[in-house]
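Written below as structure tokens is the structure these notes are about.
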Amino acid sequence: MAIDREAELRARFTGTVAGSFAVAVDSRGTTTCTVCSRTLGADDRVRAACLEYEGHTWELLDMACPDQLGEAVRETMGVRAAEQAVIEATLEPTGYHDPFGEFHPDVLTLGAVAILDHSPASAGYE
């Protein structure tokens with residue numbers, strides 16, 4: 001993976017809300033490891049499988065304890081014709097301002113992001 005792309009991805013994921021259609025975060029600001037069901041919250045380290053959705057936004061497809069989700073795109077979610085990444089991050093209790101300006105204080109975001117693996121969309125056509 002090119003260093004520049006790794007830096008771009010790290011910047012893109014830093015501060016991202018740690019929730020999606022596939023990853024639920026409750027009103028207490030916690031989520032659950034999809035493998036062992038451990039409650040994960042502020043300051044916990046997590047590993048996530050991520051997929052770029054139609055070139056517009058990134059979706060978290062899975063989030064788990066770091067030792068319970070693979071490090072490679074191929075083993076974690078299979079290579080697709082879409083940009084994908086496996087990341088590790090720390091859950092941070094920073095809150096979130098939605099597009100309407102309302103602040104949601106219990107929302108966790110991703111910090112101290114490390115890109116473990118990346119697969120460009122072109123890899124899905126190989």
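The values are calculated or read from the model by the stated rules, or taken from the named source; none is laboratory data. Here the structure is a predicted model, which is why all the values come from computation and not from measurement. As a convention, Cβ positions derive from the backbone with ideal geometry for all residues, glycine included, and neighbour counts pool all protein chains shown. The area values use the complete protein model at the heavy-atom level, side chains included, leaving out ligands, DNA and RNA. Shrake-Rupley method; radii C 1.70, N 1.55, O 1.52, S 1.80 Å.
Brief remarks follow.
- For L69, the amide hydrogen comes within under 5 Å of no other amide hydrogen, counting only partners 5 or more places away or on other chains and with H modelled in the peptide plane.
- Loop GluC sites (Glu not before Pro), segment 1-76, which have at most 15 other Cβ atoms in a 10 Å radius of their Cβ (DSSP): E54, E71
- About the Cα centre, charge dipole magnitude for segment 1-72 (Lys/Arg +1, Asp/Glu -1 at Cβ), debye: 220 debye
- Backbone HN-Hα couplings from phi across segment 28-45 [Karplus 6.51/-1.76/1.60, Hz, Gly and Pro as x]: 8, x, 10, 9, 10, 4, 6, 9, 9, 6, 5, 6, 10, x, 3, 6, 7, 8
- For the chain, the carbon plus sulfur part of the accessible surface works out to 51%, probe radius 1.4 Å.
- Whole-Hz ³J(HN,Hα) from phi, Karplus 6.51 cos²θ - 1.76 cosθ + 1.60, for segment 82-92, glycine and proline x: 8, 5, 9, 8, 10, 10, 10, 7, 9, 6, 10
- Total formal charge among the other residues, if their Cβ is under 11 angstrom from that of Y53, Lys/Arg +1 and Asp/Glu -1: -4
- Global geometry of segment 47-126, whether rounded, prolate or oblate, following the gyration tensor of its Cα atoms and the 1.5 cut on a/c: oblate
- Over segment 1-106: Kirkwood hydrodynamic radius from C-alpha pairwise inverse distances, Å: 14.5 Å
- For segment 102-114, 3J(HN,Hα) per residue [Karplus equation, 6.51 cos²θ - 1.76 cosθ + 1.60, θ = phi - 60°, Hz, x = Gly/Pro]: 7, 9, 10, x, 8, 7, 8, 10, 8, x, 6, 6, 10
- Among the chymotrypsin sites (Phe, Trp or Tyr not before Pro) within segment 1-102, those in coil by DSSP and having at most 15 neighbouring Cβ atoms inside 10 Å are F21, F100.
- Solvent-accessible heavy-atom area per residue, rounded to whole Å², over the chain at 1.4 Å: 55 Å²
- For E83, distant residues with modelled amide H under 5 Å away: E52, A121
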